[in-house]
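Have a look at the structure below, then the notes.
The values are calculated or read from the model by the stated rules, or taken from the named source; none is laboratory data. Just so we're clear, the structure is a prediction, and the values are computed from it rather than from any experiment. Note that we place each Cβ from the backbone using ideal geometry, even for glycine, and neighbour counts take in every protein chain shown. To get the accessible areas, we keep the full protein, side chains included, count just its heavy atoms, and leave off ligands, DNA and RNA. Shrake-Rupley method; radii C 1.70, N 1.55, O 1.52, S 1.80 Å.
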Amino acid sequence: MGKWKAIRENIRDGKLETKLFDLEKDPREQINLAERFPDIIEKIEKIMVDEHEDPSIERFMLPALSEKN
């Protein structure tokens, strides 16, 4: 997504969080911009859900990406 990088954290413990970084201005990923750009988060999360494929190895399976707490 161009200059944007999103990272999903806390997937296993049920406190799912998506962090957003502007790699052009913050290449060290120090400033989480998720709250400032909810529209970008929404687009990226949709891509994550739409493109997700369950792994064939059971131990790598995670809770559904669409679930949020």
>> For region 36-55, which positions are open to solvent by 100 Å² or more (accessible area, probe 1.4 Å), more than 11 Å from T18 (Cβ to Cβ) and among the acidic types (D, E)?
In response: E51, E53, D54
>> I need the full set of residues from region 3-31 which are crowded, with 16+ Cβ neighbours inside 10 Å and more than 13 Å from E45 (Cβ to Cβ), in order please.
In response: F21, D22
> Do any residues in region 37-57 that are in contact (Cβ under 8 Å) with a residue 60 or more places away in the chain have Cβ atoms under 6 Å from those of residues that are surrounded by 11 or more Cβ atoms within 10 Å (Cβ to Cβ), where the two are at least six apart or on different chains, and which pairs are they?
Replying inline: none
